[in-house]
Amino acid sequence: MTGPLDLTLLNAAEPSAYSATLAPLFEGAPRFLSHLAAGRPDPDWPSLFIRARTIAHAMSEVERIELINAHPRLGAPPEAVSSLSFREQGYDREPPAGARTVAAELDRLNAAYEARFGFRYCVYVAGRSRAALLPEMAASLEADREPEMRRALDAVIDIAAARWSIMSGPG
């Protein structure tokens, strides 16, 4: 997906083409994209993301976890993430001092989080370093499961909206 998308054409596309076009925004979560395709048309992009959020929260637990887990672990090996996640997680920048310590802590927190909640930690990075995300991630381990799942689903939609905004350019 490159450049601005014509939502009218996207609304009229075959479901598989619609899903393939939007897959980079949502890390390719198939059942979610199928639900999103089935609910068209959308009058504008903000409406699409509002509807996406509603769908994400209304899906079965298995589908919600699939959507969250479509995103890579925070700090996953760079070769294991999409090009968009690669940039969002800062792999295209020089590794900061202490990167190994941060990576080890992310591995520890990811394992603890997944053991506690049964899905990956997903957060809208928004240009923050991985080190800056550690306290938030550690604090999330004290949350209850359902609020944490809602937060993660909201992060998935926030990430998709930010990706669309960057890809669609100014205007």
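Figures for the structure shown
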| read-out | value |
| --- | --- |
| Between 0 and 90°, nearest 10: helix 130-140 axis offset from the chain longest Cα axis | 90 |
| Carbon and sulfur %, accessible surface of the chain computed with the full protein complex present, 1.4 Å | 58 |
| Rounded, prolate or oblate (a/c below 1.5 giving rounded, otherwise prolate when a/b exceeds b/c) for the stretch 7-146 by Cα gyration tensor | prolate |
| Average accessible area per residue (Å²) across the stretch 1-137 - probe 1.4 Å, nucleic acids and ligands excluded | 51 |
| Leu5 paired with Ser83, simple spin-label distance in nm, labels 7 Å along Cα-to-beta-carbon | 1.6 |
| Residue-averaged [θ]222 nm for the chain, counting only DSSP H segments that reach four residues, each worth -39500 (n - 2.57) | -19000 deg cm²/dmol |
| Candidates Ser60, Ser140, Ser85: whichever shows maximal mean-square fluctuation once the chain is modelled as a Gaussian network with Cα springs under 10 Å | Ser60 |
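The values are calculated or read from the model by the stated rules, or taken from the named source; none is laboratory data. Here the structure is a predicted model, which is why all the values come from computation and not from measurement. With ideal geometry, Cβ positions are generated from the backbone for all residues, glycine too; neighbour counts draw on all protein chains shown. Calculation scope for accessible area: heavy atoms of the full protein, side chains included, ligands and nucleic acids excluded. Shrake-Rupley method; radii C 1.70, N 1.55, O 1.52, S 1.80 Å.
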